[in-house]
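Asker: Submitted below is the structure of interest, expressed as C-alpha cells.
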Amino acid sequence: MDTFPAIRARGITKCFGDVVALDGIDLDVAHGQIHGLVGPNGAGKTTLLGLLLGLAVADSGRLEVLGTPVERALTTPDGVAGFVDGPGLYPSLTARQNLTALTALRGLDTGLSGVDDVLDQVGLTEVADDRARGFSLGMRQRLGLAAALLTRPRLLVLDEPSNGLDPAGKKHVHGVLTRLAAEGTSVVLSSHRMDDLEALCSEVTIIATGRVVFSGPLGKLATDHRELDYRLLTSDPQAARRVAAETAGVRIVDDAAVRQDSDLLVIRALVPALDELVVRLVGAGIALRELAPVVSPLEAAFLALTEQKETGS
Ligand SMILES: Nc1ncnc2c1ncn2[C@@H]1O[C@H](COP(=O)(O)OP(=O)(O)OP(=O)(O)O)[C@@H](O)[C@H]1O
Ligand SMILES: [Mg+2]
C-alpha cells in the first residue's frame, strides 16, 4: 500500500482569459477512496479533473498525484486513467477493436482476454462487435470506463460517468468502481446525481464558482445542524396534523407538490424535534407509514452551500 495520498492539491488556480475557473482549490483524496466532485454548471469540476489527467496545467498552486508532483508537461501522470467530457473513441471501430487498438497503442500486455474481461465488467459483452459509432451515450460512457480499466490505473478520474446510464449500466459501473476501490484504486468522479454520490462516495467536495465550499465525509453533511423538510404519511393524517402543530420545533410547511386534500404532510424540523414528533404520534395511536426527507441531506446541503455562494454572501 502506498504511503502517500492519491491526490494532494493546494491552492490550485486556473483561468481561461478573464474567467477564473478554479480559484485556490485544495483537494485531498486518500487511497481506495471514491471521492465525489459536485457543484453547479460551470463550477470548475471538469477543469479540475482535466488537470488531474494532465490535459491542462494549473496557473498556480501545488498538485501531487500518486505521490509525484504534476509537472508542466501535458501528459497523463503514470498510474492515472479516465476521461473528461466523454471518452475519446474511434467511431468506425467496434467496441472490441477500440480496446484492442488501445492496448497496441499503449503497449499494454493485457491481450485479448484482458479486453474481454473489461468488456464483461462494464456489461458490453453482447455489443462487443458493434461499431462505436452507433453507441448510445451510456454505452460510450461504459466503453470509456472499460478503456480506462485496461491500463489498471491506481487513480481513476471520471467526469460524470453516470451520464446516460440505464439502471443495468449503473449497476455495472457502480459494481466496478466499488470493487476497484476495495482493491485500493482511488476514484475521483464528478456527478450531478446526488443519489449516485451517496451510493458511491465516502467523501465529497462541493465546488461553487471555482472554490471549495465543503470537503469531507458525507456523514458530516448529514449531521450538520440544518432543518430539513420531511414527507410524513400516517394512518390518520388529520390527527397527525394536529400532533405536528402541537410539537415544539416542528413546522407544517406548504409544499407545492402536495395537494391540499392529500394524506401527505410536509414538515420542517431538526432531528430532535422530529424524534419527539414520532414518539407523540405513536403515543397517540397513529401509525407511521413513511417519514423521509423531501430532498436528501446531501442535496439540501448542496443547495444551501452553493446558493449562498452564488448570492455572494
Ligand atoms: N477551454 C475553455 N475555455 C474558456 N473557458 C472555459 C474553458 N473550459 C472551461 N471554461 C470555463 O471555466 C468555468 C468552469 O468550467 P467547467 O467546465 O470546469 O465547469 P463544470 O463544473 O465542469 O460544469 P458542468 O457541470 O456544466 O460540467 C466555466 O465558466 C467555463 O465556461
Ligand atoms: Mg463539467
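The values are calculated or read from the model by the stated rules, or taken from the named source; none is laboratory data. It should be emphasised that the depicted structure is a prediction, and the values quoted were computed from it without experimental measurement. In this analysis, Cβ positions are derived from the backbone assuming ideal geometry, glycine residues included, and neighbour counts consider all displayed protein chains. Surface areas here come from the heavy atoms of the whole protein model, side chains and all, with no ligands, DNA or RNA. Shrake-Rupley method; radii C 1.70, N 1.55, O 1.52, S 1.80 Å.
Asker: With respect to Arg152, determine if the residue is on the phi > 0 side of the Ramachandran plot, away from ligand 1 (no atom under 16 Å from the Cβ) and in a loop (DSSP other than H, G, I, E, B). Spell out the reasoning first.
Answerer: Details: on the phi > 0 side of the Ramachandran plot: yes; away from ligand 1 (no atom under 16 Å from the Cβ): yes; in a loop (DSSP other than H, G, I, E, B): yes.
In short, yes.
Asker: Does Leu180 meet the test of being in a strand (DSSP E or B), modelled with pLDDT of 90 or more, out of contact with any Pro (no Cβ under 8 Å at 6 or more places or on another chain) and within 29 Å of Ala9 (Cβ to Cβ)? Before the answer, list the steps.
Answerer: Details: in a strand (DSSP E or B): no; modelled with pLDDT of 90 or more: yes; out of contact with any Pro (no Cβ under 8 Å at 6 or more places or on another chain): yes; within 29 Å of Ala9 (Cβ to Cβ): yes.
Considered against the rule, which asks whether it is in a strand (DSSP E or B), modelled with pLDDT of 90 or more, out of contact with any Pro (no Cβ under 8 Å at 6 or more places or on another chain) and within 29 Å of Ala9 (Cβ to Cβ), Leu180 comes out as no.
Asker: Looking only at the stretch 179-195, count every residue that is within 16 Å of ligand 2 (Cβ to nearest atom) and free of Cβ contacts under 8 Å to residues at least 40 places away in the same chain and tell me the total.
Answerer: 1
Asker: If I filter the stretch 52-68 for residues that are within 16 Å of ligand 2 (Cβ to nearest atom), open to solvent by less than 10 Å² (accessible area, probe 1.4 Å) and either under 15 Å from the mean Cα position of the chain (by Cα) or under 24 Å from Arg154 (Cβ atoms) (or both), do I get at least one hit? Quick ask: steps written out before the conclusion?
Answerer: As a first pass, look at the stretch 52-68 and keep what is within 16 Å of ligand 2 (Cβ to nearest atom): 52-53, 55-56.
Now narrow it down to the ones that are open to solvent by less than 10 Å² (accessible area, probe 1.4 Å): 52-53.
Among the residues that remain, those that are also either under 15 Å from the mean Cα position of the chain (by Cα) or under 24 Å from Arg154 (Cβ atoms) (or both) are: 52-53.
Yes, the stretch 52-68 contains a residue that is within 16 Å of ligand 2 (Cβ to nearest atom), open to solvent by less than 10 Å² (accessible area, probe 1.4 Å) and either under 15 Å from the mean Cα position of the chain (by Cα) or under 24 Å from Arg154 (Cβ atoms) (or both).
Asker: Sticking with this structure for a sec: Of all residues in the stretch 230-244, which are open to solvent by 40 Å² or more (accessible area, probe 1.4 Å) and either touching a Lys or Arg at 6+ places or on another chain (Cβ under 8 Å) or within 20 Å of Phe302 (Cα to Cα) (or both)? First the steps, then the outcome.
Answerer: Of the stretch 230-244, the ones open to solvent by 40 Å² or more (accessible area, probe 1.4 Å) are 231, 233, 235-236, 238, 241-242.
Hits for the stretch 230-244 are Arg231, Leu233, Ser235.
Asker: Does Leu99 satisfy the criteria of being farther than 30 Å from Asp28 by Cβ and buried (at least 20 other Cβ atoms within 10 Å of the Cβ)? Spell out how you get there, then give the answer.
Answerer: Values: farther than 30 Å from Asp28 by Cβ: yes; buried (at least 20 other Cβ atoms within 10 Å of the Cβ): yes.
Judged against the criteria, Leu99 is a match.
Asker: Residues of the stretch 58-94 being within 15 Å of ligand 1 (Cβ to nearest atom) and free of Cβ contacts under 8 Å to residues at least 24 places away in the same chain, which ones?
Answerer: Of everything in the stretch 58-94, just one residue is within 15 Å of ligand 1 (Cβ to nearest atom) and free of Cβ contacts under 8 Å to residues at least 24 places away in the same chain, namely Leu74.
Asker: Could you grab me the full set of residues in the stretch 20-51 that are under 22 Å from Leu74 (Cβ atoms) and within 11 Å of ligand 2 (Cβ to nearest atom)?
Answerer: Result: Ala21, Leu37, Gly44, Lys45, Thr46, Thr47, Leu48, Leu49, Gly50.
Here's the yes/no breakdown for (1) open to solvent by less than 10 Å² (accessible area, probe 1.4 Å); (2) more than 13 Å from ligand 1 (Cβ to nearest atom); (3) among the aliphatic types (A, V, I, L, M); (4) not assigned by TED's automatic domain parsing to the domain that holds Pro87:
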site	(1), (2), (3), (4)
Glu160	no, no, no, no
Leu165	no, yes, yes, no
Leu177	yes, yes, yes, no
Ser186	yes, yes, no, no
Ser190	yes, no, no, no
Ala199	no, yes, yes, no
Glu203	no, yes, no, no
Thr209	no, no, no, no
Leu218	no, yes, yes, no
